[in-house]
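Here the structure is laid out as structure tokens; the discussion comes afterwards.
Only the coordinates and a few stated rules stand behind these numbers; no lab work does. Quantities reported herein were computed from a predicted structural model and do not represent experimental measurements. Cβ placement follows ideal geometry from the backbone for every residue including glycine, while neighbour counts extend to all protein chains displayed.
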């Protein structure tokens, strides 16, 4: 268990072990999540990523993306489409 002291401005220093576990670095944002009589402290970026992953679950399969090679192929197709859209009309 880690402990921190609150300053007169309501600030705390997050113990280094907690920062490491949450992969927090300078400038990162954190969330305070209320669950009953507890407050959970979390890395906002990781929570956002987990939420996106949950919401996107199954979408890759619907799009026919099953492997890293499929992702690379899809990215290349999108890039090619964007390139054509931007530069074909300027020729």
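Equivalent ellipsoid of segment 24-72: semi-axes from √(5λ) of the C-alpha gyration tensor, largest first, are 31, 15, 6 Å. Diffusion coefficient (Stokes-Einstein, Kirkwood radius over C-alpha pairs, 25 °C, 0.890 mPa s) for the chain: 140 µm²/s, rounded to a whole number. Relative to the current alpha-carbon distance between residue 6 and residue 60, full extension at 0.36 nm per residue lengthens the span by 14.9 nm.
Note the angle between two axes, namely the Cα long axis of helix 68-87 and the longest principal axis of the Cα atoms of the chain, as a number of degrees from 0 to 90, rounded to the nearest 10. It is inclined by approximately 70 degrees.
Using Cα pairs closer than 8 Å and at least 6 residues apart in sequence, work out the relative contact order for segment 1-57, in percent. Reported relative contact order: 21 percent.
Of all the options 31, 74, 49, the one that moves most in a Gaussian network model of the chain with Cα springs shorter than 10 angstrom is 74. Extension gain, residue 86 to residue 16, is 20.4 nm, computed as 0.36 nm per intervening residue step minus the present C-alpha separation. Would you calculate the separation in nanometres between label points at residue 72 and residue 26, each defined as 7 Å from the Cα along the Cα-to-beta-carbon direction? In this crude spin-label approximation the distance works out to 3.7 nm.
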